[in-house]
Structure formats: C-alpha cells, structure tokens
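J.: There's a structure below that I have some questions on.
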Amino acid sequence: MNVAEFLKAPTEEIYNELPPITLDVETTNLDKGSALNPHNRLVSLTTKEGDTITTWTEKDGLAALETKLLSLEKDVVLVGHNIKFDLQWLAIYGLSLYDVVVWDTMVVEKVLLGNNPRMLPLDLGSVAKRYGMAGKEPLVDLWMKSGVCPSTIPTSMLLKRNVYDVKVTEAIYKKQLKQCNEDGKLGVALTRCLLTPVLADIESHGMQLDKDRVMEEYDKAMEQQAIVTNGLLEVANINWNSPKQVGELLYDKLKFKELKRHGKPLRTPAGGRMTGVDTIKLLKCTTKRQKNVKNLLLRNSAINAKLTKSLNAFKRCVDADDILHFAFRQHITATHRLSSVGTFYKLQGQNIPRKFKRLFTTKEKDWDIVEGDGSNLEFRVAGELGDDDQVREDISNPDFDAHQTTADTLTRAGQETSRQDAKSHTFKPLYGGTSGTDAEVEYYKQFNARYSGVSETQERWKREALETKKVRLPWGMEFFFPHTKITRSGYQEYSTQICNYPVQSFATADIIPIALVYTWHMLREYKLRSVIVNTVHDSIILESPKDETDKLNEILLVAFTKSCYNYIKRVYKMTFKTPLGVGIKRGSHWSEGDEIKTDIENTYE
DNA sequence: ATCATCAGCGCC
DNA sequence: AAATGGCGCTGATGAT
C-alpha cells in the first residue's frame, strides 16, 4: 500500500475498502521477545486471509518468508493485536513499515473505551472474552507467561495457539470495525493506527548519550552528593529517603510547624505529613538547627537520588557503549497520549530531566539533534475547541506575553509575582483549576472572562458529563465519567478531568501523532537521512545531518501545520481555524542551539 | 520473598 | 471541607 500517496488525501474509509490480513508472530523470548535483542529470532508467522490460514515456520526458509512479507505490502489492512511487536519483527526480515496500513485491535479497543474509567484489561484473551469469544488456551498461555520459550513448545500446540490468535483477532477486528462505523470513531482509529508503524521504527533507533558529558556530570553529582550526605548524617542517622522518618524528624524532633490552609494542616492524600521539596521550601525556621536541616534537605533534593539514578543509568549505558532505547505504548493513558517505558536501562524517554537533555547527542559524527515542538499547543487547541477568537488574537500578536500577563494580573491583585513564578498559574484554568490564594482566584476569574469561548465550552462539557456521564467530541472521541456529580458545596467532581481530557487528547494524541506520521513519511519521500529518535507529548526529536537543515525545517513546518489542518479537515470533518506553529531547535546536543519559530495560518488549498 | 500502595519527583 | 491535567519509576513500608 502506498501510504505516502494515501496521506495526500487521507480517508478513514480505507478501512471499509481494503481487505484484511490478520497476522501473529512467535519469537524466542529473551527480553520478552524484544526485536532489539540480537539473540532472539523469529519462530513463526501465521496469517489469515479470508478463510485461508497459513503458517511460516523456520524450516520453510527465508525466501518463503520474503515472498510472504511482500504480500503484506499490497493493498490490504494488516490486523493484529499489539501489532507494533509483530511489525518490528517483520521489519527485521524485510517488511517495509512505510508501506503497510494496520489495524491494531488493542489500540482500537482503547479507542472504543475512551479513557477506560473501569480500567478494563486490553490483552487479547480479555478482549476476546468481552466480545463473547473463548479466552486463550490455558496451558500454552501459562507456559508462555511463565517464560517457556515458544521455540521449545511442540509445534502442533504452538500452531493451535496461532490459529486461535488469528481467528479471534480477526473476529474482534470485524466487530470493532462495525462499532467504529456506528460510533463515528473510524477516523480516530485511523489516526492511532497510522502512528503504530512510525513508533515501531522510532523505537528501533534509540538515543545516543555523549560519553564525556555524562562522565563529567556524573562525577560532579557524586561529589556533591557525598558532601550533602555527610551533612545529613551529622544531623541524624535516619533514612533520608523515607518520608515517614523525615516527617518525624521535621515535625516531632525539630518542631517545624506543618503548613496550613484554611486552618487545617496540608497532608498527603493518605493523611501523611508532607516532606516534599515544595513543602520544605515553605517551612518557617526559628532555630539554627532548623535552618541547617532545611538547607541540607533542599540541597539534597537538588542533587537528589533520582538524579543520581538517571545518571547511574546513563553511566551504565555509556560504559557499555550502548544506545538508550525506549518503548512507547498507545493503550495506557486516559487521554491517549503516549506513555513511554524504559527498556534495558529503565529510563523513560519522556521524563529525562531538562538539564540532562544536553547529555544526548547524535550517533553519526557532525550530525545535529533537532527538536520540533508544537508552539503553545494545548492553549491553541483549547482555543480551537472553544472557538475562541481572543485566543487566536493573542497567539497571533507577537507583543502578547501570556506569562507576563499572568504576573501583572497577580501583582495588581496584591500578590507580587515574577514572570517565572507566574508560569505555573498561566494555564491552570485550562486544567479546570479554580482555587488558590485570593489573588490567584482573581487571576483565574480574569482568565475565564478573557477566554470566554474556552470557559463556556468547558462548562458545556461539564453539563454534558452530568447529564449523559460522558463527553463526546467532534472528532469522535468519547470520555466517560460514570461517577461525576455535584457535591453539596456545589463542586462538580471530575470537573478537572472533564475540562482537561479533550484538550490534552486532541493536542497530544491527535495533532502530534499526525505531525509525526507526516514527518516520517516525508523524510522518506524526499530521501532524507534524518531519523526520528524520540517524541515527548508535543515534540519530535530527530538526528539530522547539517546539509538537510533547510529541507527538514520545511518538512517539520508543513507537518506541524498544513498536514494537520488537511488531515483534520478530511478525516474529522473539522475546520481548524486557529493557527498552529512549530519551534525548531538544532544543535550538536538535545535542547541546545537557537530556536526558529514559525506559525502558519490554515489555508485550505 | 513478593506484592500493592504511598510519597516523591522527573517530564509535558 | 477542598478539589489544576496526564504519565512511569524508585524506595519505603506494611501485608500476605
């Protein structure tokens, strides 16, 4: 299937037009069968096309496999459960990820479940049962789960499992396709599934650490940690990582007063005393001893164990001359943005401390790390969903500074605030935030008054959730709030989620994936060597040779703007009227270098 | 020994 | 009575 061509005029109807081929692979099972472990190998590939089920196994030879893979690149939909896994394997044996359209029954099931408030499991057996089919065959399933390698399971039994898998997967696909058509969710399914092969590819690349920078940072951190640890040891011989023990020391021994709001002590959700940095910063000192401990604890957190942990992992990685790999998951989060898990070194790609981004560089010498980042993405999406002309005006006005406006408003209301300190308040109303100091509440009021389109839309969502227990969005997504209700005090429970989910979801589960898909296909279409190596919610990270600077900038600009407008218009039948923009940073290391920012108004050609 | 939960903290 | 969203990972803790 020529996907690049399809993307010029995308339509979700492709799923009603193309015939399915359902597939399932078995592999040896080191690292859970990871395609990145060179000691693993493909054991079998089973496909179901119409009524024909065939299985390739190792003894059939690689030539037969190649022929089979070519048939998967025809005008068909590849159906599989967690098909990213299968794709990564098949890519190793020659399948072109650029030329397949997939339907991942796990991902589509998540689409149908929306935020999945009941946390229903999404493994194949559980989904099958919910559709009224038999679960997995228990014995082989038990073997697989307890680590028996598929290559040692009797062929006939393995075959039986493969046949079950493809039959059930295909049956689920048929029901899901019908459901998606009826619910108007086919477009969302398309967006999610177009991203799947892209993720399969991104994961295979991984990111490169700069050995010298890592070692320098590591040595520095260890030195500082030694100093602070010694200081703390002189204060008390307790476990400083234990909130319980630190709480006892602070509030019982040292007699710090707990922070209060409205006369009541601030506590953790389970009622424990607060010992986090933000709390410690606010504790009032009256004695020298208190001052000393507060100082040490703050320094301890600045160079805290978590940082040492990430540096430890970085160090292990560079010591092994290795690449850092992450895995993305499309079926975890309530809003359908990606979640990321660290693979070998247990580091997530999405929460690398900002100050450590400079430790990442390129695999090729003299290439650059490029980061394309959707400008104020969630704010703009909120503006679009609220059809808010004030948002459009403010983002188009180069003199308008949202954070400075926040700072000024807070200061005018009697709470002197710097631009930096204002940042955390600027978009709090987008998350449904309403409480805080008097000045903060005043700011939230003014925010809602200024962006009345946004706040009215949020109120509409809240009412809809109250009446129907769900919020349905124009692009087909639905979020379910079975327990939302108004409490005695007049507060609507779950209102923060109701306000935030649509915005976060459309921004980071639709727009950025669309940008990723288009970037990925355009890189290939224009024969660039640049590769995508990571994505973090509203950004795309690439490795790129310097001579591709102009071409890549052009691609990113189009992908983050026009491609999104056109895709949203064709697939979601929505006219996106708020300008989108992209900021592009290019440098020898991640997050270094000057940023170019460009917005493009949507012009439909 | 293993598991679930809490608290803390990193990112967007 | 109050209530800013979404994650994953770690260490501590307490139960099984």
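J.: Work out from phi, with θ = phi - 60° and the Karplus expression 6.51 cos²θ - 1.76 cosθ + 1.60, the ³J(HN,Hα) of each residue of region A:494-510, listed in order in whole Hz, and give x for Gly and Pro.
T.: Running phi through 6.51 cos²θ - 1.76 cosθ + 1.60 with θ = phi - 60° gives 6, 5, 5, 5, 4, 6, 8, 3, x, 6, 4, 5, 5, 5, 10, 10, 10 Hz.
J.: Separate question: Quick one: if you stick a label point 7 Å off each Cα along the C-beta vector at A:Asn239 and A:Thr434, how many nm between them?
T.: Roughly 4.1 nm, to one decimal.
J.: In whole Å, what is the distance between the alpha-carbon centres of region A:486-512 and region A:76-137?
T.: Between the Cα centres of region A:486-512 and region A:76-137 lies a distance of 27 Å.
J.: Does region A:173-325 classify as rounded, prolate or oblate by the C-alpha gyration tensor (a ≥ b ≥ c root eigenvalues; a/c under 1.5 gives rounded; else a/b over b/c gives prolate, otherwise oblate)?
T.: Note, shape of region A:173-325 comes out oblate.
J.: Could I ask something else about it? Any idea what the relative contact order of chain A is, in percent, if you count C-alpha pairs under 8 Å spaced at least 6 apart?
T.: Relative CO of chain A lands at 15 percent.
J.: Which trypsin sites (Lys or Arg not before Pro) from region A:199-289 combine a DSSP loop assignment with at most 11 other Cβ atoms within 10 Å?
T.: For trypsin sites (Lys or Arg not before Pro) across region A:199-289 that sit outside H, G, I, E and B with at most 11 neighbouring Cβ atoms in 10 Å, the list reads A:Lys255, A:Lys257, A:Lys284.
J.: On to the next question. Would you kindly derive the ³J(HN,Hα) couplings of region A:589-595 from the backbone phi angles with the Karplus curve 6.51 cos²θ - 1.76 cosθ + 1.60 (θ = phi - 60°), listing them in order in whole Hz, with x for Gly and Pro?
T.: Values, residue by residue: 10, 4, 6, 10, x, 7, 9 Hz.
J.: Can you spot the aspartates and glutamates whose alpha carbon is less than 20 Å from A:Lys469's alpha carbon? Ignore those fewer than 8 places along the same chain.
T.: In chain and number order, the partners are A:Glu109, A:Glu182, A:Asp183, A:Glu456, A:Glu459, A:Glu478, A:Glu493.
J.: Sticking with this one: Set the Förster distance to 22 Å, then compute FRET efficiency between A:Arg412 and A:Asn448 from the Cβ-Cβ distance, nearest 0.05.
T.: E between A:Arg412 and A:Asn448, to the nearest 0.05, is 0.85.
J.: Cα gyration tensor of region A:163-229, axes a ≥ b ≥ c as square roots of the eigenvalues: rounded (a/c below 1.5), prolate (a/b > b/c) or oblate?
T.: Taking the square roots of the gyration eigenvalues as a ≥ b ≥ c, region A:163-229 is prolate.
J.: On C-alpha positions alone, give me the angle between the axis of helix A:211-235 and the longest principal axis of chain A, in degrees, nearest 10.
T.: 40
J.: For the ranges A:344-352, A:523-531, what's the packing order if you count other beta-carbon atoms within 10 Å of each residue, average per peptide, and put the highest first?
T.: In descending order of packing, they fall as A:344-352, A:523-531.
J.: Based on the Cβ-Cβ distance of A:Lys569 and A:Leu259, what FRET efficiency does E = 1/(1 + (r/R0)^6) give at R0 = 45 Å, to the nearest 0.05?
T.: According to the calculation, E is roughly 0.35.
J.: What's the local net charge at A:Val163, with K and R +1, D and E -1, over the other residues with C-beta under 13 Å away?
T.: Local charge sum for A:Val163: -1.
J.: In addition: Less than 19 Å apart at the alpha-carbon level, and either on another chain or at least 8 residues along: which lysines does that give for A:Lys211?
T.: Cross-link targets: A:Lys220, A:Lys309, A:Lys315, A:Lys346, A:Lys355, A:Lys357, A:Lys363, A:Lys365.
J.: Compute the length gained on full extension between A:Ile14 and A:Glu364: take 0.36 nm times their separation in residues and subtract their Cα-Cα distance, giving the result in nm to one decimal.
T.: Stretched fully, the A:Ile14-A:Glu364 segment lengthens by 122.2 nm.
J.: Please give the net charge around A:Thr535, taking every other residue with its beta carbon less than 12 angstrom from that of A:Thr535, where Lys and Arg add +1 and Asp and Glu add -1.
T.: Here the count lands on -4.
J.: Whole-Hz ³J(HN,Hα) for each residue in region A:27-34, computed from phi via Karplus 6.51 cos²θ - 1.76 cosθ + 1.60 with θ = phi - 60°, x for glycine and proline: what do you get?
T.: Per residue, the Karplus-derived 3J(HN,Hα) values read 9, 5, 10, 5, 6, 6, x, 3 Hz.
J.: Hey, fewest Cβ within 10 Å first, where do A:Thr333, A:Thr287, A:Thr362, A:Thr11 land in order?
T.: Taking fewest neighbouring Cβ atoms as first place, the list is A:Thr287, A:Thr11, A:Thr333, A:Thr362.
J.: With n ≥ 4 as the cut-off for DSSP H runs, can you work out [θ] at 222 nm for chain A, using -39500 (n - 2.57) per run divided by the number of residues, rounded to the nearest 500?
T.: Result for chain A, helices only: -14500 deg cm²/dmol.
J.: Under the rule of at least 5 residues apart or a separate chain, name every residue whose amide H is placed under 5 Å from the amide H of A:Ile332.
T.: A:Ser339
J.: Classify region A:295-349 from the C-alpha gyration tensor, please: rounded if a/c falls under 1.5, else prolate or oblate depending on whether a/b exceeds b/c.
T.: It is oblate, given that a/c is not under 1.5 and a/b is not larger than b/c.
J.: Considering only C-alpha atoms, what is the centroid distance from region A:264-299 to region A:226-241, in Å?
T.: Region A:264-299 and region A:226-241 have Cα centres separated by 16 Å.
J.: Can you tell me the length gained on complete extension of the stretch A:Lys220 to A:Thr54, counting 0.36 nm per residue apart and subtracting the Cα distance?
T.: Fully extending the segment from A:Lys220 to A:Thr54 adds 53.9 nm.
J.: Based only on Cα atoms, what mean projected area does the convex hull of chain A have, in nm²?
T.: Seen from a random direction, the Cα hull of chain A projects 30.6 nm² on average.
J.: By counting other Cβ atoms within 10 Å of each Cβ, how are A:Met106, A:Met144, A:Met477 ranked from fewest to most?
T.: The fewest-first ordering by Cβ neighbours comes to A:Met144, A:Met106, A:Met477.
J.: In region A:534-605, which trypsin sites (Lys or Arg not before Pro) fall in coil by DSSP and have 16 or fewer other Cβ atoms within 10 Å?
T.: A:Lys573, A:Lys577
J.: Fewest Cβ neighbours within 10 Å first, please rank A:Phe506, A:Phe480, A:Phe560 accordingly.
T.: A:Phe480, A:Phe506, A:Phe560
J.: Give a quick list of chymotrypsin sites (Phe, Trp or Tyr not before Pro) in region A:361-438 that DSSP marks as loop, anything other than H, G, I, E or B, with at most 15 other Cβ atoms within 10 Å.
T.: Passing sites in region A:361-438 are A:Phe400.
J.: Strictly over 26 Å apart at the Cα level, which of A:Lys306/A:Lys597; A:Lys244/A:Lys291; A:Lys178/A:Lys573 would you flag in this model?
T.: A:Lys306/A:Lys597, as the Cα separations exceed 26 Å there.
J.: Where nothing but the Cβ of Lys and Arg (+1) and of Asp and Glu (-1) is charged, how large is the charge dipole of region A:310-369 around its Cα centre, in debye to the nearest 20?
T.: The dipole magnitude comes to about 360 debye.
J.: Report the net charge of residues surrounding A:Thr434, where surrounding means a beta-carbon distance below 11 angstrom and charges are Lys +1, Arg +1, Asp -1, Glu -1.
T.: The answer is +1.
FYI, it's all coordinate maths here, none of it is from the lab. Being a predicted model, the structure only gives us computed values, none of them experimental. With ideal geometry, Cβ positions are generated from the backbone for all residues, glycine too; neighbour counts draw on all protein chains shown.
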